[in-house]
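The values are calculated or read from the model by the stated rules, or taken from the named source; none is laboratory data. If you're wondering where the values come from, they're calculated on a predicted model, not measured in any experiment. When we count neighbours, we look across all protein chains shown, and the Cβ atoms used for this are built from the backbone with ideal geometry, even at glycine.
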Amino acid sequence: MKNICNHIFTVFINLTHLTFYDAAYENNVRLLFDVPFPTFSSSSLLVLKVKVQTFDVCLYILDGRFEQLHTLDIELANLFPPLEEIENQRKLPNLKYFVLCCMLQTSSYDELILPLIYRMSNLEELGLSFTTFVDDAFIDGNNLKQNILNQMSQLKQFIFDIRSFMCINNEMKLPSKDDIQQTFTDLQYTKIISCVDYFRDYRQGLCHIYSYPFLMRRFEDITNNFPGGLYPYVRVVSLYDEHPFEHEFFIRISQSFPYRFHVWKN
């Protein structure tokens, strides 16, 4: 993989746009590099769309080797803290469009995702899709306003698909779907859908918040409380519930996801 990347940036010295993955779901090949990370760079690259294996690669991409980059659309297989020290303080004033999707569950929303976004002071469009574990509060509108919207003065568009899992007990005051939805009342520029489920057998709560129309290619952890709607861009869906799914539920799924390729149950 290192040789391929070196070859691309050596041969195409004026390259401005690079999409480094197959759009087909079946092809899950991702960039993965051995340590030390290769030194390829480009002073002309403006747009990069790529699938990578780890968060380390994302940090390396943003360590200054692509100084003119203004658009980055990156899909991670997992999101864990780096195993070695990587340049992660450099400001990224040229970056205007950033999309981050993570396939596996993470616990690093506060530790990794937010600090990365804060480096992008001139960001105008942001997209986030991930599942995270939280300790005592779901990620809701108040969280997004405090930690993202109020920190990004140039932001014009924010699309998101965020699922937060929380361990629950009988002593906790658990928010309802309406409670979560109320936290988005002053978010004017997009429609937000909230779903909240509590799985007593698992002692677990799930809050799913997302902007609509839904522009992501995956829709994860659909429960029996799925609100419906039309999701033409989704190609992969997964189901998650402690109760069986009935026939009528699958009819709703087929109507809401007319172009899906894969469905599986967690």
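Here the condition is being in a strand (DSSP E or B) and closer than 30 Å to GLY64 by Cβ; of PHE130, PHE165, it holds for PHE130 alone.
Let's see how each residue does on (1) among the aromatic types (Phe, Trp, Tyr); (2) at pLDDT 90 or above:
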site	(1), (2)
ILE13	no, no
PHE20	yes, no
ALA24	no, no
ASN28	no, no
ILE86	no, no
PHE98	yes, yes
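The requirement of being surrounded by 15 or more Cβ atoms within 10 Å (Cβ to Cβ), out of contact with any Pro (no Cβ under 6 Å at 6 or more places or on another chain) and on the phi < 0 side of the Ramachandran plot is satisfied by LEU126. Could you give every pair whose Cβ atoms fall below 8 Å, whose first residue belongs to the range 245-266 and is under 14 Å from ARG218 (Cα atoms), and whose second residue is loosely packed, with under 11 Cβ neighbours inside 10 Å, counting only separations of at least 6 or pairs across chains? Correct list of pairs: SER256/GLY228. For the range 30-54, a tally of residues being of a type in the set (Phe, Trp, Tyr) and at pLDDT below 60 returns 1. Restricting attention to the range 203-225, the residues being among the aliphatic types (A, V, I, L, M), over 19 Å from ASN143 (Cα atoms) and touching a residue at least 40 places away in the same chain (Cβ under 8 Å) number 2. Count of the range 80-112 residues, restricted to those that are among the polar types (S, T, N, Q), touching a Leu at 6+ places or on another chain (Cβ under 8 Å) and under 23 Å from ILE139 (Cβ atoms), is 3.
Checking each residue in the range 216-266 for being of a type in the set (Phe, Trp, Tyr) and closer than 26 Å to GLN204 by Cα picks out PHE219, PHE226, TYR240, PHE245, PHE249, PHE250, TRP264. When ARG218 is tested against (1) under 21 Å from PHE158 (Cα atoms); (2) modelled with pLDDT under 90; (3) not aliphatic (A, V, I, L, M), only condition (2) is not met.
Scanning the range 60-95 for residues that are touching a residue at least 40 places away in the same chain (Cβ under 8 Å) and buried (at least 18 other Cβ atoms within 10 Å of the Cβ) gives LEU62, GLU75, LEU79.
Scanning the range 96-108 for residues that are crowded, with 17+ Cβ neighbours inside 10 Å and either among the hydrophobic types (A, V, I, L, M, F, W, C) or out of contact with any Asp or Glu (no Cβ under 9 Å at 6 or more places or on another chain) (or both) turns up PHE98, VAL99, LEU100, CYS101, CYS102, MET103, THR106, SER108.
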